[in-house]
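These notes are about the structure you will find just below.
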Amino acid sequence: MLDTLRKIVQDVTQEGNFAASVQTLVSSVRSALGTEVCSIYLVSADRGGYVLAATQGLNQAQIGQTVLSRSQGLVGLVGTRAEPLNLDTAPSHPSFFYVPEIGEEPFNSFLGVPIMHQGRVLGVLVVQQRDPRRFDESEEAFLVTLSAQLATVVAHAEAIGSHFLSGVQRDIIDNGSFRGFPGAPGIGIGIGVVVHPVADLDAVPLRPASDITVELTLLDRALEAVRNDIRSIIQDFEASLPQEELALFDAYLHMLDDNALAGDIREKVRLGQWTQGALKLVIREHVNRFDMMDDPYLRERGSDVKDLGVRVLAYLQRIREKKTQFPKKTVLVGEEVTPSMLTNIPADRLCGVISVQGSGNSHVAILARAMGIPAVMGAVDIPAYDLEGAKLIVDGHYGEVFTNPSRQRLDESASLIDQERIFEEELSELKELPCITQDGWRVQLWVNIGLSGDITRSLDRGAEGIGLFRTEIPFMSQDRFPTEVEQRALYREHMEAFEPRPVTMRTLDIGGDKALSYFPINEENPFLGWRGIRVTLDHPEIFLVQIRAMIKANAGLLGDLRIMLPMISSLAELRSAKVLINQAYAEVLEEGVNVKTPQVGVLIEVPAAVYQARLLAKEADFMAVGSNDLTQYMLAVDRNNPRVADLYKEVHPAVLSALREVARAVHAEEKPLGICGELAGTPTGAVLLMAMGYHVLSMNATHLLKVKWVIRNIKRSDARRILARVLRMDTAEEVEDYVQQQLVNAGLGKVVRTKKPSQQQPHRI
């Protein structure tokens, strides 16, 4: 049965359109279960109930015509109860509703299961048979499993407007509301412009090359054309984007080198594949490699590779992008918006971005943040292809989109935009001022440095140090382990830029969620596998090279080097790492390099470290909490998984209790305590963490000045009073509402946007 299920799912996903997919499914299910009827009914908000979407065994002329109300018949009962219904004599059931047009009168047996996505009933899958009998448990389980698979297909078709109900959704689009993930903060109001990839890699057939020399020539021309396009983008945006963000397009150029994608494509052409087919194979291999990574940031890099592949294919196919007339206020909408799409629009006309796919870790989200453009990512329920020309509000703070909104909502959003602009001007005056409460408690505000660097933006906002430098960068950008010299040069660049401020460098954090192409790690459960400090302790030759590079990079500089160890779960790991660090330090001294002794700290990311915090603090120079990972481990929630993302609560009582426990333990040992993660960059989080006694709050540079403003306008004694009350609360919602209300009462409502009832639950299709 499992093999049958896999084949049906494969057949369905390979169909070119939604109508063909569901028709293939009902035919396959009828055959697999040996029944006489299989049908799919889908919810249509426009038509007020369940519409017959596909059938094998009933009157196919009624597809798209037969409509049952939400409470009508056995189909309506399945949808209302949101559970399977298995009957041997369906006509005798009190909820049975006879529809003569579809021709179901001969059939007695009925099994219906709901098609559900994220707690929402999208439709009902039904099988019927003439003979009066109950379908057995294995058949019911099969259908339930299949409906779960089908739900994803239906939800995606809804999102991109591709199923047969699309185009009759004006009631949904008009004054509608949809939710995704916050991609870039801010609010934008504009007109929707839907973008599509210029070429389709999936549609490229595989076939032998008729002339390898000709194929290689075509490849060279296409690659050079794409390189020229990217160079033009760099030139156009050189004055408006920080160098660190422009580095993304430099990375694109490097990917097109012969030692990267171009070389792999050439190799396949030389082996006999035509150029377009070779391109498809190479891009697919690289994208699949990224898709297998559990780290959300790295997983999104697959979209960058795909974007490049589409650009090259466009030139190979001699496709040119059509000239689009962009409104003065353009909201870019697409199933998967890429950095290239973003940069094709004049910057002064772009006011928002909406992408069905992706997350806050996507490069397009990173680029949007650098450009100051509000963005919503992962809006899986939005009918993206129906938004061309629609009036849109993009709320990048909460990850919400409002379609063809009312005048009242437009006025409210416009007012918020004006308020944010004025507030940003006020915040700029805080850059050089210390982060100190009204009763004299000093808090240091540091930044997290990611793949794009963020150096310029961080310093422009008054960052006092680096709380987290992700050193895996040079390891992921190459096809081999970087040398000590290469690592030293990169680390030195950041240390010099921040001198004399302290720089905290996390040691190599790979494995499981961050795989290297040249160092593959395949595990069934990567989050609980060989990762972080576990990898580097097993490979001291890699660890020692990195530590020496860090120590040498700090030679002659005034700033302190802080080495932070990730994913520590035992005291033995800390001790083993310190032995290696001391060894590396001694080796550098033996080389005659005059360097300071680095500080060694522990990054608390797993529950085990929470309960050993005091033991770890005894032997560490400093302690820090990685709040993002700790929250995910505490709650067993992947925040980038749309199925459970709503359960990710940074102020969940369990998380706050863990943070408080760590603070008490570290304070008892009188060691410095910091935190890096999104919680530190929120007004609510900053107030609570400051009250707990966290000395350093490290965050995205975007949030730095707002956090400074909040802390400078509150007393620590008031924050501790708020914390005492919060620690007695039962839910994250209570915590969030209470703290926000306290900020409003204290006159700090500028950083708080409490949601109106209409905003609480976005409209669902």
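In summary, Val67 fulfils each of the numbered conditions (1) buried (at least 23 other Cβ atoms within 10 Å of the Cβ); (2) without any contact (Cβ under 8 Å) to a residue 24 or more places away in the chain with the single exception of condition (1). Within the range 650-660, is there a residue that is surrounded by 18 or more Cβ atoms within 10 Å (Cβ to Cβ) and touching a strand residue (DSSP E or B) at 6+ places or on another chain (Cβ under 9 Å)? Yes. In the range 714-740, what residues are closer than 25 Å to Pro672 by Cβ and in a loop (DSSP other than H, G, I, E, B)? Once the filter is applied, which keeps residues that are closer than 25 Å to Pro672 by Cβ and in a loop (DSSP other than H, G, I, E, B), the range 714-740 yields Ile714, Lys715, Leu727. When Leu122, Leu87 are screened for being assigned by TED's automatic domain parsing to the domain that holds Ser147, of a type outside the set (Phe, Trp, Tyr) and more than 31 Å from the chain's Cα centre (by Cα), only Leu87 passes.
Inspection of the range 405-420 finds no residue satisfying the criterion of being surrounded by fewer than 21 Cβ atoms within 10 Å (Cβ to Cβ), touching a helix residue (DSSP H, G or I) at 6+ places or on another chain (Cβ under 6 Å) and farther than 30 Å from Leu516 by Cα.
Residue count for the range 72-96 under the criterion of being more than 15 Å from Gly123 (Cβ to Cβ) and either touching a strand residue (DSSP E or B) at 6+ places or on another chain (Cβ under 7 Å) or surrounded by 14 or more Cβ atoms within 10 Å (Cβ to Cβ) (or both): the result is 8. Selection of the range 479-521 for residues being touching a Gly at 6+ places or on another chain (Cβ under 6 Å), modelled with pLDDT of 90 or more and within 16 Å of Ile533 (Cβ to Cβ) yields only Thr504. The set of residues in the range 516-540 being over 30 Å from Tyr585 (Cβ atoms) and not in a loop (DSSP other than H, G, I, E, B) consists of Pro526, Phe527, Leu528. Meeting the requirement of 1 or more residues that are modelled with pLDDT under 95, the helices (runs of 4 or more DSSP H) wholly within the range 601-689 are 627-635.
Taking the listed residues Ile533, Ile542, the one that is hydrophobic (A, V, I, L, M, F, W, C), at pLDDT below 95 and surrounded by 22 or more Cβ atoms within 10 Å (Cβ to Cβ) is Ile533, with no other qualifying.
Summed over the range 661-680, the residues that are surrounded by fewer than 24 Cβ atoms within 10 Å (Cβ to Cβ) and either within 19 Å of Gln632 (Cβ to Cβ) or out of contact with any strand residue (DSSP E or B) (no Cβ under 8 Å at 6 or more places or on another chain) (or both) give a count of 7.
Residues in the range 560-608 that are under 30 Å from Met634 (Cβ atoms), crowded, with 20+ Cβ neighbours inside 10 Å and among the small types (Gly, Ala, Ser): Ala577, Gly601.
The values are calculated or read from the model by the stated rules, or taken from the named source; none is laboratory data. Small disclaimer: the values here were computed from a predicted structure and weren't measured. Please note: Cβ atoms are built from the backbone with ideal geometry, for glycine as well, and neighbour counts cover all protein chains shown.
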